[in-house]
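Peer 1: Before I ask anything, let me first share the structure, which is written out below as structure tokens.
The values are calculated or read from the model by the stated rules, or taken from the named source; none is laboratory data. Just so it is clear, the structure is predicted and the values come from calculations on it, not from any experiment. Every residue, glycine among them, receives a Cβ derived from its backbone with ideal geometry; neighbour counts consider all protein chains shown. SASA here: full protein model, heavy atoms, side chains in, ligands and nucleic acids out. Shrake-Rupley method; radii C 1.70, N 1.55, O 1.52, S 1.80 Å.
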Amino acid sequence: MRGGTVLVFSTSDKGGTGRSVTSCNIAYRLCVSGRNVAYVDFDFGSPTAGALFEISSVERGVAVGGVHSYLLGESGTAARIDVGTATDRPDLERLWPRSGRLVLFPGDEGGAEFLTSDDTVVTRCAELLVALEQEFRVVVVDLSAGRSVALDIALRATALPQLRRRTARWLIFHRWTRQHILAASGLVHGPHGLLETGERCGHNRNELLGSTRYVRTAVPAPVAHTSAQHPAQAAWLQEQDAALRRLATANRLGATALLGATPMEPVLQWREQLILDSDVNAHIANDETARAYIELARRLVDIATWEKL
Ligand SMILES: Nc1ncnc2c1ncn2[C@@H]1O[C@H](COP(=O)(O)OP(=O)(O)OP(=O)(O)O)[C@@H](O)[C@H]1O
Ligand SMILES: [Mg+2]
């Protein structure tokens, strides 16, 4: 088995945090930097990766053989789609062959959340991840929101002997608000959270915590650069931002546990998509957004990020 593959599990406590959009953009940036990347849609209830990579044929998952039916044993192999050849977006297609490969393992159209994670499903999940490790440098798995069965399956699979020595990273996505900060912290540290569940599955709690980082998404700039803002409003926003920073630190989501943040991006407020360099060059997307994804991708695979907290 080739070493060095990074298994990345994306989750969030709440829905609509930007988990899928950010994970797809990270996967894309890793590809641009020359790595072969697999993107696995474990959001069984609402697979969206096809739409994000603009593959109209699998916009809402595949008709047969998606990840969900593979895990259930209804399909012998998991359907795979080469993003470079299947995407409808010419600017994305043009990336290859200069980039690494980007392969989507889509969910099933009309799939549903698992109700429980039985041993067969967990074993099949581990088999899939082991197989993907042979082929890809990074495997990004988009889990569902909350204390989901998808999270449970991933924790159990990575605790199995065939995967426990592998490099797994757990990313928790959250918005930059009070409730999201508390929710994200609860998902990791709270009852039935990542650490408690992970420990029950056989993970070492400290190792798991050391493999967990937070991603703040769609963070508004506390001071608007463009509009003529009232000083009282600017002061209020700055105070809120400072208060959120204190709250994050108090809830163990501070700078040391942070992978990075993405700024509020107008394009993504309107449409879920990859931010390509061509979007930035055309002055449609903000340069800061593209740079945020590049930085998240860089830090994710940089060993220095994961040295003991
Ligand atoms: N940096 C950003 N700026 C503005 N909007 C963003 C940003 N990142 C993501 N969004 C938007 O937030 C919304 C939710 O994003 P996304 O679908 O990725 O979240 P999710 O956590 O995967 O949701 P779900 O739980 O439904 O799977 C989308 O409309 C997306 O375009
Ligand atoms: Mg999603």
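Peer 1: Quick check: anything in region 14-27 assigned to a strand (DSSP E or B) and either modelled with pLDDT of 95 or more or open to solvent by less than 20 Å² (accessible area, probe 1.4 Å) (or both)?
Peer 2: Of the residues in region 14-27, the ones assigned to a strand (DSSP E or B) are none.
Checking region 14-27: not a single residue is assigned to a strand (DSSP E or B) and either modelled with pLDDT of 95 or more or open to solvent by less than 20 Å² (accessible area, probe 1.4 Å) (or both).
Peer 1: Give region 1-22 a look and list any residue that's within 13 Å of ligand 2 (Cβ to nearest atom), out of contact with any helix residue (DSSP H, G or I) (no Cβ under 6 Å at 6 or more places or on another chain) and within 20 Å of Leu163 (Cβ to Cβ), or say none.
Peer 2: none
Peer 1: Going through region 185-218 one residue at a time, which ones are under 19 Å from His174 (Cα atoms) and either within 16 Å of ligand 2 (Cβ to nearest atom) or open to solvent by 30 Å² or more (accessible area, probe 1.4 Å) (or both)?
Peer 2: Within region 185-218, Leu187, His189, Pro191, His192, Leu209, Val215, Thr217, Ala218 qualify.
Peer 1: Next question, about the same structure. Suppose the filter is aliphatic (A, V, I, L, M), open to solvent by 30 Å² or more (accessible area, probe 1.4 Å) and modelled with pLDDT of 95 or more; does Leu160 pass it?
Peer 2: Numbers: aliphatic (A, V, I, L, M): yes; open to solvent by 30 Å² or more (accessible area, probe 1.4 Å): yes; modelled with pLDDT of 95 or more: yes.
When the stated conditions are applied, Leu160 passes them.
Peer 1: Give the residue that is farthest from Leu187 (Cα to Cα), with candidates limited to residues of region 128-153 that are in contact with a helix residue (DSSP H, G or I) (Cβ under 9 Å, 6 or more places away or on another chain) and away from ligand 1 (no atom under 16 Å from the Cβ).
Peer 2: Result: Arg137.
Peer 1: Just the residues that are among the hydrophobic types (A, V, I, L, M, F, W, C), modelled with pLDDT of 95 or more and over 18 Å from the mean Cα position of the chain (by Cα), please, taken from region 243-272. Talk me through it step by step, then tell me what you get.
Peer 2: So in region 243-272, the residues among the hydrophobic types (A, V, I, L, M, F, W, C) come out as 243-244, 247-248, 250, 253, 255, 257-259, 261, 264, 267-268, 270.
Retained after the next criterion (residues that are modelled with pLDDT of 95 or more): 243-244, 247-248, 250, 253, 257-259, 261, 264, 267-268, 270.
Scanning region 243-272 gives Ala243, Leu244, Leu247, Ala248, Ala250, Val267, Trp270.
Peer 1: Of these, Thr262, Thr256, which one is more than 17 Å from Arg175 (Cβ to Cβ), of a type in the set (Val, Ile, Thr) and not in a loop (DSSP other than H, G, I, E, B)?
Peer 2: Numbers: Thr262 fails: more than 17 Å from Arg175 (Cβ to Cβ).
Within the list Thr262, Thr256, the selection yields Thr256.
Peer 1: Go over the candidates Gly111, Gly84, Gly76, Gly100 one by one and state the one that is part of a loop (DSSP other than H, G, I, E, B), free of Cβ contacts under 8 Å to residues at least 40 places away in the same chain and either surrounded by 20 or more Cβ atoms within 10 Å (Cβ to Cβ) or not basic (Lys, Arg) (or both).
Peer 2: Details: Gly111 fails: free of Cβ contacts under 8 Å to residues at least 40 places away in the same chain; Gly84 fails: part of a loop (DSSP other than H, G, I, E, B); Gly100 fails: free of Cβ contacts under 8 Å to residues at least 40 places away in the same chain.
Exactly one of Gly111, Gly84, Gly76, Gly100 is part of a loop (DSSP other than H, G, I, E, B), free of Cβ contacts under 8 Å to residues at least 40 places away in the same chain and either surrounded by 20 or more Cβ atoms within 10 Å (Cβ to Cβ) or not basic (Lys, Arg) (or both), namely Gly76.
Peer 1: Right, something else. Given the conditions (1) within 28 Å of Asp142 (Cβ to Cβ); (2) within 16 Å of ligand 1 (Cβ to nearest atom); (3) in a loop (DSSP other than H, G, I, E, B); (4) open to solvent by 30 Å² or more (accessible area, probe 1.4 Å), report the number of the one that Pro222 does not fulfil.
Peer 2: So the condition that Pro222 fails would be (1).
Peer 1: Here's another thing I want to ask about it. Which pairs have Cβ atoms under 6 Å, sit 6 or more apart or on different chains, and link a residue in region 117-146 that is without any contact (Cβ under 8 Å) to a residue 60 or more places away in the chain to one that is within 16 Å of ligand 2 (Cβ to nearest atom) and among the hydrophobic types (A, V, I, L, M, F, W, C)?
Peer 2: Ser117/Val149
Peer 1: Can you tell which of Asp91, Asp41 is over 28 Å from Ile303 (Cα atoms) and either open to solvent by 10 Å² or more (accessible area, probe 1.4 Å) or touching a residue at least 24 places away in the same chain (Cβ under 8 Å) (or both)?
Peer 2: Details: Asp41 fails: over 28 Å from Ile303 (Cα atoms).
None of the other options fit; the residue is Asp91.
Peer 1: Just name the residue that is farthest from ligand 2 (Cβ to nearest atom) out of those in region 109-152 that are of a type in the set (Ser, Thr, Tyr) and within 17 Å of the chain's Cα centre (by Cα).
Peer 2: First, pick out the residues of region 109-152 that are of a type in the set (Ser, Thr, Tyr): 116-117, 120, 123, 144, 148.
Going one step further and asking which of them are within 17 Å of the chain's Cα centre (by Cα), we end up with 144, 148.
Details: Ser144: 8, Ser148: 12 Å.
Checked region 109-152; the qualifying residue farthest from ligand 2 (Cβ to nearest atom) is Ser148.
Peer 1: OK, next. Please specify each residue of region 29-55 satisfying the condition of being among the polar types (S, T, N, Q), more than 13 Å from the chain's Cα centre (by Cα) and within 16 Å of ligand 2 (Cβ to nearest atom).
Peer 2: Step one: of region 29-55, the residues among the polar types (S, T, N, Q) are 33, 36, 46, 48.
Now narrow it down to the ones that are more than 13 Å from the chain's Cα centre (by Cα): 33, 36, 46.
Passing the criteria: only Ser46.
Peer 1: On to the next question. Return the residues of region 122-139 that are open to solvent by less than 10 Å² (accessible area, probe 1.4 Å) and of a type in the set (A, V, I, L, M); say none if nothing qualifies. Before you say what the answer is, go through the steps one by one.
Peer 2: In the first step, residues of region 122-139 are kept if they are open to solvent by less than 10 Å² (accessible area, probe 1.4 Å); the result is 122, 125-126, 129, 132-133, 136, 138-139.
Of everything in region 122-139, those that are open to solvent by less than 10 Å² (accessible area, probe 1.4 Å) and of a type in the set (A, V, I, L, M) turn out to be Val122, Ala126, Leu129, Leu132, Val138, Val139.
Peer 1: So, one more: Could you check region 55-66 and list, in sequence order, the residues that are touching a residue at least 40 places away in the same chain (Cβ under 8 Å), surrounded by fewer than 19 Cβ atoms within 10 Å (Cβ to Cβ) and within 20 Å of Ser23 (Cα to Cα)?
Peer 2: Arg60, the sole residue that qualifies.
Peer 1: Contact list please: Cβ distance under 9 Å, first residue in region 239-268 and more than 16 Å from ligand 2 (Cβ to nearest atom), second residue in a loop (DSSP other than H, G, I, E, B) and among the hydroxyl-bearing types (Ser, Thr, Tyr), pairs at least six apart or on different chains.
Peer 2: Matching pairs, first to second residue: Leu244/Thr177.
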